[in-house]
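A short write-up of the structure that comes next.
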Amino acid sequence: MSFNHLEIEKKWQQYWEKNKTFKTVDNRDKPKFYVLDMFPYPSGSGLHVGHPEGYTATDIIARYKRMKGFNVMRPMGWDAFGLPAEQYAIETGNDPREFTEKNIATFKRQIKALGLSYDWDREIATCDPEYYRWTQWIFIQLYKRGLAELKEVEVNWCEGLGTVLANEEVINVDGKMVSERGNHPVEKRPMRQWVLKITEYAERLLQDLELLDWPESIKEMQRNWIGKSTGALVNFKVAGLDDSFTVFTTRPDTLFGATYCVLAPEHALVLKITSEEQREKVLEYIEYAKSRSDLDRTELNKEKTGIFTGAYAINPVNQKKVPIWISDYVLASYGTGAIMAVPAHDQRDYEFARKFNLEIVPVVEGDISEKAFEADGIHINSDFLNGLNNEEAINKMIDYLSENKLGKEAVNYRLRDWIFSRQRYWGEPFPIIHYEDGTIGLVDESELPLELPKMERLTLSGTGESPLANAKEWLQVTREDGVKGLRETNTMPQWAGSCWYYIAYLLKSEDGYADLTDEKVQEMINHWLPVDLYIGGAEHAVLHLLYARFWHKVLYDCGIVKTKEPFQKLFNQGMILGEDGTKMSKSRGNVVNPDDIVKEYGADTLRVYEMFMGPLEVTKPWSTKAVEGSRRFLDRIYRFYTEVAVIDDNDLHLEKVYHQTVKKVTEDYENLRFNTAIAQMMIFMNECYKHPSVPRAFLEGFLQLLNPVAPHITEELWSTVLGRTDTITFSTWPTYDLAKTLEEQATIVVQVNGKIRDKMEIDYDVPKEQVIEKALALPKIIALIEGKEIKKTIVVPNKIVNIVV
């Protein structure tokens, strides 16, 4: 018998909503568990079947933990600011608020249809002024602590979108930088921007990774992004000029082999030191470099390009003149924007030197006929370093540089300060006023939020400023002393709202947002933090997680949060591909809408299928045909409970498989192995059909095990078949007796000198002596060891006997 999923799912979703079943209350008698999804950007296309994978995984854990006696925090919200809504508003003349609200309504309807157990009273949207009041308040704390400043920085400017783009929003097409959205041309341009000094937290961001239960691959990505290097700063004078520049190097021991220097095309010295003969070529090359992304410029395998400036530097350790080049593989934003090149011992320098016929001087013994020698070795051609290995030579050179005031020991980080300005309307306004007397004023905290003004039609300013530059009335401010000022027209990036949203959920209730500055509110926040389990895509492995960790540490320094880190355990679910094995996208026509699956097969079926597809962390292709298999499994369960099962509390035929199932499912849920938990429940149901006489406790326990994955059908059977009047949500998780999970006999492998020679059945946990005695009595073993001396016997209980002869 097939069940009516449309009727059953609607019934229980209405029950949960009416009774606020999943509302989180402050109950300190229970241990807390905070489980969090990476909240979605509410795009116009709605959910596809990839979204529910992570949401279902967190829902399983939330429902499981409630039955285990935990007070569970399980919220949902919307990362609602962003460029797509603004572009839509500019193109159509509509308000981005309407577009965003409509998309949120679609997402919410789809998510509710999946039976996900969220506390909707805690729903947030980053574009809600009451939400971004606190985003602005946090910015003010950053400003007061000297962590936010206006700075002239080189940015990725996109004229077509009228805004600055982050590096990850820029792609390379035919060697040119274009915007990921719309393929508009992008160029490097210096602009005054708000910058957050995340670099001041670089060491803490690095060290505190050790505190976290995160995938090692994600930690390594963060370590690489922070990019800590130890080495030395070395000063080079420009020959014939009073100018000098500094390079950072991790290999100061190779200074005697530095045969040329390279400056970033954007380096402030370039035009000053360039000779007249080379000026035209240098200017052309600077323009060329502007159109290339940082990622493309630093690609190791790309063709090396560069131009000689006509100037020379003086190598500080041997006084040799070395040519100064510019090349796009050196970035102004990394290190000092200048490098000393040692082609004998750095592959990139080696390739550059070979291409442009520059001198290659080996200073470490090793073969450099085909490539640079980058390993440890004995130093040569290096005066006072000769005969030393790398480490000894590095230390001795740093001492020499320091003593002679030619340089010093230094630590460098690849991490750059965070460019925090966007030339957009649809983002958080900065609580900043620029006064005519040159001072910068903060909006008083009591006047927050500073709301975005309603604008009849969004248009690009034409000046490089955001559309807010057109909101003249909103823009102009007069101070009490009569000095006039203008509000900041830039807005914050989309990352801002997602930096602290896990805290916002804790502030939010049906009455609005609590006061983050209130000590009692802070005590409540610190009861829930850190987030115990955070699940989301690996595409956020670096930036979102790094920015959120940075803001959390600032709030820690402000005394608001008491934990050093926001997210204790992180798990990345794998991507669900289209049926054709490629990433789902509209252009490929392989997007599967969950609405269609829920309508035809039911939300429970979708949930079971996505969790049964394979390990949660693995990327796997969608198969609509396989969805039918998950539906058949649920139909079998429904039919067994409604037509087949006979309740008999005295029939214990299923006792062992039941206890094995409770043990297996419990352990698998704890370790996010949902596919194998479902497989075990299928085994149990198969056994039930072989022996339909079942104790009531087993029928109840099985529904509890299945409920986190398939909540609607289990609530229905719990109520209608088992006659329970309470919701299954807060029932007590079933327990197992370990003794009843064990097979009566163990299969023991018998080895001779480590090679498998026979097997035998024996009772569990019998004494070691009896195991050896039985093994030595096996005919095959007697024949193999006859006439040989037994040196020793090794017993692995219930598994192996190894006889060494």
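The values are calculated or read from the model by the stated rules, or taken from the named source; none is laboratory data. Note that this is a predicted model, so its numbers are computed, not measured. Positions of Cβ are generated from backbone atoms using ideal geometry, with glycine treated the same way; all protein chains shown enter the neighbour counts. Note: areas computed on protein heavy atoms with side chains; ligands, DNA, RNA excluded. Shrake-Rupley method; radii C 1.70, N 1.55, O 1.52, S 1.80 Å.
No other residue among 194, 225 is in contact (Cβ under 8 Å) with a residue 40 or more places away in the chain, out of contact with any strand residue (DSSP E or B) (no Cβ under 9 Å at 6 or more places or on another chain) and either part of a helix (DSSP H, G or I) or within 24 Å of residue 555 (Cβ to Cβ) (or both) apart from 225. Restricting 677, 775, 746 to residues that are crowded, with 20+ Cβ neighbours inside 10 Å, farther than 30 Å from residue 649 by Cβ and small (Gly, Ala, Ser) narrows the list to 775.
Just name the residue that is nearest to residue 601 (Cα to Cα) out of those in the range 632-657 that are within 38 Å of the chain's Cα centre (by Cα) and free of Cβ contacts under 8 Å to residues at least 60 places away in the same chain. Result: 632.
Restricting attention to the range 685-704, does a residue exist that is within 23 Å of residue 9 (Cα to Cα), among the polar types (S, T, N, Q) and either crowded, with 24+ Cβ neighbours inside 10 Å or under 36 Å from the mean Cα position of the chain (by Cα) (or both)? Yes, there is a match, as at least one residue in the range 685-704 is within 23 Å of residue 9 (Cα to Cα), among the polar types (S, T, N, Q) and either crowded, with 24+ Cβ neighbours inside 10 Å or under 36 Å from the mean Cα position of the chain (by Cα) (or both). Would you say residue 366 is free of Cβ contacts under 8 Å to residues at least 60 places away in the same chain, on the phi > 0 side of the Ramachandran plot and either among the polar types (S, T, N, Q) or surrounded by fewer than 23 Cβ atoms within 10 Å (Cβ to Cβ) (or both)? Considered against the rule, which asks whether it is free of Cβ contacts under 8 Å to residues at least 60 places away in the same chain, on the phi > 0 side of the Ramachandran plot and either among the polar types (S, T, N, Q) or surrounded by fewer than 23 Cβ atoms within 10 Å (Cβ to Cβ) (or both), residue 366 comes out as yes.
Scanning the range 1-16 for residues that are assigned to a helix (DSSP H, G or I), touching a residue at least 12 places away in the same chain (Cβ under 8 Å) and open to solvent by 50 Å² or more (accessible area, probe 1.4 Å) yields a count of 3. Residues in the range 705-741 that are under 12 Å from residue 661 (Cα atoms) and either open to solvent by 10 Å² or more (accessible area, probe 1.4 Å) or without any contact (Cβ under 8 Å) to a residue 12 or more places away in the chain (or both): 7 in all.
Working carefully through the options 197, 188, find the one that is open to solvent by less than 50 Å² (accessible area, probe 1.4 Å), at pLDDT 95 or above and charged (D, E, K, R).
197
In the range 76-102, of all residues being under 25 Å from residue 531 (Cβ atoms) and modelled with pLDDT of 90 or more, the one that is surrounded by the most Cβ atoms within 10 Å (Cβ to Cβ) corresponds to 81. Within the range 277-301, being open to solvent by 10 Å² or more (accessible area, probe 1.4 Å) and within 32 Å of the chain's Cα centre (by Cα) holds for 290, 291, 292, 293, 294, 295, 296, 298, 299, 300, 301. Screening the range 438-530 for helices (runs of 4 or more DSSP H) wholly inside it with 3 or more residues that are touching a residue at least 60 places away in the same chain (Cβ under 8 Å) returns the ranges 495-498, 501-507, 519-528.
Taking the range 566-595 as the range and being of a type in the set (Asp, Glu), open to solvent by 70 Å² or more (accessible area, probe 1.4 Å) and touching a helix residue (DSSP H, G or I) at 6+ places or on another chain (Cβ under 9 Å) as the test, only 579 passes. Scanning the range 740-757 for residues that are on the phi > 0 side of the Ramachandran plot and either more than 46 Å from the chain's Cα centre (by Cα) or not small (Gly, Ala, Ser) (or both) yields a count of 1. Residues of the range 145-168 being touching a residue at least 40 places away in the same chain (Cβ under 8 Å), outside any strand (DSSP E or B) and of a type outside the set (A, V, I, L, M, F, W, C), which ones? Result: 145, 146, 162, 167, 168.
What are the pairs, 6+ residues apart or on separate chains, where a residue within the range 287-312 that is within 10 Å of residue 327 (Cα to Cα) has its Cβ under 8 Å from a residue that is surrounded by fewer than 17 Cβ atoms within 10 Å (Cβ to Cβ) and modelled with pLDDT under 80? Taking only residues 6 or more apart or on different chains, not a single pair turns up.
Yes/no matrix, rows are residues, columns are (1) surrounded by fewer than 19 Cβ atoms within 10 Å (Cβ to Cβ); (2) in a helix (DSSP H, G or I):
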residue	(1), (2)
353	no, yes
359	yes, no
391	yes, yes
411	yes, no
426	no, no
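Within the range 55-86, the set of residues being more than 14 Å from residue 35 (Cβ to Cβ), over 21 Å from the mean Cα position of the chain (by Cα) and outside any helix (DSSP H, G or I) comprises just one member, 69. Within the range 551-605, work out how many residues are of a type in the set (Val, Ile, Thr) and not in a helix (DSSP H, G or I). Qualifying residue count for the region: 7. Within the range 224-276, restricting attention to residues that are of a type in the set (Phe, Trp, Tyr), open to solvent by 20 Å² or more (accessible area, probe 1.4 Å) and at pLDDT 95 or above, the residue that is nearest to residue 153 (Cα to Cα) is 248. Scanning the range 670-719 for residues that are within 20 Å of residue 618 (Cβ to Cβ) and among the polar types (S, T, N, Q) yields 671, 675, 676, 680.
Rundown of residues vs (1) farther than 30 Å from residue 520 by Cβ; (2) modelled with pLDDT under 95; (3) of a type in the set (S, T, N, Q); (4) open to solvent by less than 40 Å² (accessible area, probe 1.4 Å), yes/no style:
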{"site": "29", "(1), (2), (3), (4)": "no, yes, no, no"}
{"site": "34", "(1), (2), (3), (4)": "no, no, no, yes"}
{"site": "37", "(1), (2), (3), (4)": "no, no, no, yes"}
{"site": "42", "(1), (2), (3), (4)": "yes, yes, no, yes"}
{"site": "46", "(1), (2), (3), (4)": "yes, yes, no, yes"}
{"site": "51", "(1), (2), (3), (4)": "yes, yes, no, no"}
{"site": "58", "(1), (2), (3), (4)": "no, no, yes, yes"}
{"site": "69", "(1), (2), (3), (4)": "no, no, no, yes"}
{"site": "74", "(1), (2), (3), (4)": "no, no, no, yes"}
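I'd like to verify a number: residues in the range 172-185 that are out of contact with any helix residue (DSSP H, G or I) (no Cβ under 9 Å at 6 or more places or on another chain) and either under 21 Å from residue 464 (Cβ atoms) or in a strand (DSSP E or B) (or both), how many?
The initial filter retains those residues of the range 172-185 that are out of contact with any helix residue (DSSP H, G or I) (no Cβ under 9 Å at 6 or more places or on another chain), namely 173-174, 176, 178, 183-185.
From what's left, either under 21 Å from residue 464 (Cβ atoms) or in a strand (DSSP E or B) (or both): 173, 176, 178, 183-185.
Result for the range 172-185: 6.
The residue of the range 604-628 that is nearest to residue 9 (Cα to Cα), among those that are surrounded by fewer than 24 Cβ atoms within 10 Å (Cβ to Cβ) and hydroxyl-bearing (Ser, Thr, Tyr), is 624.
Residue under question is residue 64, and the condition is that it be among the hydroxyl-bearing types (Ser, Thr, Tyr) and touching an Asp or Glu at 6+ places or on another chain (Cβ under 6 Å); does it hold?
On the way: among the hydroxyl-bearing types (Ser, Thr, Tyr): yes; touching an Asp or Glu at 6+ places or on another chain (Cβ under 6 Å): no.
Spelling it out, it is not the case that residue 64 is among the hydroxyl-bearing types (Ser, Thr, Tyr) and touching an Asp or Glu at 6+ places or on another chain (Cβ under 6 Å).
Kindly indicate the residue of the range 311-334 that is small (Gly, Ala, Ser) and open to solvent by less than 30 Å² (accessible area, probe 1.4 Å) and also nearest to the chain's Cα centre (by Cα) among those meeting that condition. Checked the range 311-334; the qualifying residue nearest to the chain's Cα centre (by Cα) is 327. Filter the range 629-658 for residues that are β-branched (Val, Ile, Thr) and either touching a helix residue (DSSP H, G or I) at 6+ places or on another chain (Cβ under 6 Å) or surrounded by 13 or more Cβ atoms within 10 Å (Cβ to Cβ) (or both) and give the result. Across the range 629-658, the qualifying residues are 637, 642, 644, 647, 657.
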